[in-house]
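As structure tokens, the structure follows; a few thoughts come after it.
The values are calculated or read from the model by the stated rules, or taken from the named source; none is laboratory data. Since the model is a prediction, treat every value here as computed from it, not as a measurement. Cβ placement follows ideal geometry from the backbone for every residue including glycine, while neighbour counts extend to all protein chains displayed.
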């Protein structure tokens, strides 16, 4: 398949290699993505796989040895993480190195970088039982630390609590890393099992972005994935809609600024023809500095420091996210709901639509400006039935009408609200 | 003047417009977006200043940042709404030593560039619009009050610096900003938004000829002379060795730092920064004995980071992260430094760290926004954009050892801790 600048080919066994030929950057990027269905039982054990693998391997049994190798490759980068794209877990390993043309000794840096990445993924440090126990216990401790430290970032914390409640009882309600309780219960055996399952059962998408010819890198991965694999079917993402009666969760913490987060489950999939109207509607509501939230709630009424609306296209939900003085939360909530219903009723100006379209197209056209955003843009395109280049997405955005937006928004409703307040908050009953 | 760096085959143009503003233009092949920055050498540290031949004024903390917020507004509309008509994405930031206004766009560069040049030159402050901003900025300050990373940092700076403005929060306090008036804003504006104190940088996809024409036609005022910003001398030693507070965090957060005396010569100052960058990588980076040992003992996690914290008139080395036993981390660090001074730095590790930094600088040229920001930073620091590459290629191990030998005196350091509300440190 060739689409825009991307060429995707099969390496066999459920593994695909996509090449994005791009000569503007000084470095190139390899991203190996393992796609699996969300499985609550693996939330913690699978998250530990990239955490452990990026730290050491058979050939580099300590992180410092790996790190020295990276320095020798002109500050190359190797890293792994786990994230959620719709109802999928995606474990990703990255390798980034400067382009061969800048190597001071004419080294084949891309080949070295691919070899190092495959070493990290396929030859982890092991003991008799499976993946190295010492590394496991250290990383497990760090995973638990990072779950505990989620309260440090109050904005992120509030958003996660909202999303968790919105999707309680659904696959999407599970977070990469899992809960503290799940992380605590994970054994080294579980992680080894998750690792083996990932290698055998995941769909694999490899993306190469750069100028150096990737044949050598491709050959390395073809060899690594030459064993028989049995990729599992990843169920389609479930695009559920908001509940009938919205929920409200309030939490208190020792904070100076409160957080107010509101969620909407649209039921609109990333293949829905109404997606572009949804994008424009969300953007004019709170996605740019000429939006209703920014101009009315922040600038005119001074009700919040930030107040944004954003869309998760891969799961079809909206989040209205704001930082508000605790005493202003009731007023800010009223104001947000008022702007939302204005869009539902078609109270949208031509300027608002024009500004939203321009802002969206500007961000689509900027996708190619950063090597990571370019690479991940085309990964997420694979989750839709048709692949769109940024230019095609812009053309659809430009054709959206006011009526399409209000028709669509009039069918949406709030799923629920999460509020984080400081001490001395007196308006419990106003909400 | 054209500045070129042969090994990467890239160049930029630097010149002074008749108004006095310095211009840097860095076109990048193959890019679809352009980034334009218009900045002034004026930040939160410039609280005490005078125009040539006039008496000194002391202004409230946070005023540079406040001015940045207000400058977006003009008599009839605000700059954001003008940019929303061109589709550009606009922003601004205030740091310790500079204020920068910027936009990025993929289309209609000329219109957006004109808007940027105009609004930065058109202050409009009234009693009413100045008062109105207080609510928003107070909210911003409160948001940082809840940010443990920000708090641990400013508490450290407070422990390190006696006089330098860097110890004061960039946004000021809810109290200090309540004293800001239109008159004070105009005074600061005229003192620091003089073309001779300002820099324009553009990188990415744009026509340098068009940019030059637009600058020539949009620059209104000629330079009215220099402003002197005054800072009291900073003693070599820290204020106090230790500070702690309690917040809603899960693990103790720590930062410890060492205050250095910055070299007044810009090139020597840059050389010091780069040498420190390499020394820190060798001493506490991912390949070091120190990090390897503390990481595998569970004393440090991936949040650990070391930074050469520097700007106009300040330079510190800052180390921070999360740890169950931060005091032990600091003690082990001091022990490691003592040994490193005794034994000197390792030649092989030096070459490897140097290689790593070369790659890092090269990757810094990937993104047009980063290039534009670095153009402004290097110009305001008084050095060339490609100077780091040149300095790096000439570094020697003996220079590094000399630098290490003379640093890390106990009385130049401080430790700042944020402790969890619900537990006490187990040490």
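Here is how the numbers come out for the structure above:
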| item | result |
| --- | --- |
| Only one of A:147, A:151 that is in contact (Cβ under 8 Å) with a residue 60 or more places away in the chain and either surrounded by fewer than 16 Cβ atoms within 10 Å (Cβ to Cβ) or assigned to a helix (DSSP H, G or I) (or both) | A:151 |
| Some residue of region A:208-229 being in contact (Cβ under 8 Å) with a residue 40 or more places away in the chain and closer than 21 Å to residue A:87 by Cβ | no |
| Out of B:372, B:349, sole residue that is touching a strand residue (DSSP E or B) at 6+ places or on another chain (Cβ under 7 Å), within 14 Å of chain A (Cβ to nearest Cβ) and over 24 Å from residue B:262 (Cβ atoms) | B:372 |
| Residue satisfying all of: in region B:82-115; part of a helix (DSSP H, G or I) and away from chain A (no Cβ under 14 Å); surrounded by the most Cβ atoms within 10 Å (Cβ to Cβ) among these | B:113 |
| Qualifying residue in region A:340-359 (condition: under 30 Å from residue A:253 (Cβ atoms), touching a strand residue (DSSP E or B) at 6+ places or on another chain (Cβ under 9 Å), assigned to a helix (DSSP H, G or I) and more than 11 Å from chain B (Cβ to nearest Cβ)) | yes |
| Residue check, residue A:36 closer than 23 Å to residue A:123 by Cα, touching a residue at least 12 places away in the same chain (Cβ under 8 Å), within 12 Å of chain B (Cβ to nearest Cβ) and touching a strand residue (DSSP E or B) at 6+ places or on another chain (Cβ under 8 Å) | no |
| Qualifying residue in region B:163-177 (condition: over 25 Å from residue B:121 (Cβ atoms), exposed (fewer than 15 other Cβ atoms within 10 Å of the Cβ) and out of contact with any helix residue (DSSP H, G or I) (no Cβ under 7 Å at 6 or more places or on another chain)) | yes |
| Restricting region B:116-153 to residues that are assigned to a loop (DSSP other than H, G, I, E, B) and at the interface with chain A (Cβ under 9 Å from one of its Cβ atoms), the residue that is nearest to residue B:166 (Cα to Cα) | B:147 |
| Residue that is surrounded by the fewest Cβ atoms within 10 Å (Cβ to Cβ) [pool: residues in region A:196-224 that are touching a strand residue (DSSP E or B) at 6+ places or on another chain (Cβ under 6 Å) and closer than 13 Å to residue A:90 by Cα] | A:203 |
| Total residues in region B:255-287, condition free of Cβ contacts under 8 Å to residues at least 40 places away in the same chain and closer than 20 Å to residue B:153 by Cα | 1 |
| Condition met for residue A:119 (part of a helix (DSSP H, G or I) and away from every other protein chain (no Cβ under 13 Å)) | yes |
| Matching residues, region A:81-116, being within 14 Å of chain B (Cβ to nearest Cβ), surrounded by fewer than 20 Cβ atoms within 10 Å (Cβ to Cβ), assigned to a helix (DSSP H, G or I) and in contact with a helix residue (DSSP H, G or I) (Cβ under 7 Å, 6 or more places away or on another chain) | A:100, A:102 |
| Qualifying residue in region A:123-135 (condition: within 26 Å of residue A:208 (Cβ to Cβ), in contact with a strand residue (DSSP E or B) (Cβ under 6 Å, 6 or more places away or on another chain), more than 14 Å from chain B (Cβ to nearest Cβ) and modelled with pLDDT of 95 or more) | yes |
| Hits in region B:206-251 - residues which are assigned to a loop (DSSP other than H, G, I, E, B), over 27 Å from the mean Cα position of the chain (by Cα) and at pLDDT 95 or above | B:207 |
| Subset of region A:240-266 [part of a strand (DSSP E or B) and buried (at least 21 other Cβ atoms within 10 Å of the Cβ)] | A:257, A:258, A:259, A:260, A:261, A:262, A:263, A:264, A:265, A:266 |
| Residue check, residue B:340 within 14 Å of chain A (Cβ to nearest Cβ), assigned to a helix (DSSP H, G or I) and either surrounded by fewer than 18 Cβ atoms within 10 Å (Cβ to Cβ) or in contact (Cβ under 8 Å) with a residue 24 or more places away in the chain (or both) | no |
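Yes/no per residue for (1) under 29 Å from residue A:34 (Cα atoms); (2) in the same structural domain as residue A:328 (by TED's automatic domain parsing); (3) not in a strand (DSSP E or B):
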| position | (1), (2), (3) |
| --- | --- |
| A:234 | yes, no, yes |
| A:238 | yes, no, yes |
| A:268 | yes, yes, yes |
| A:283 | no, yes, yes |
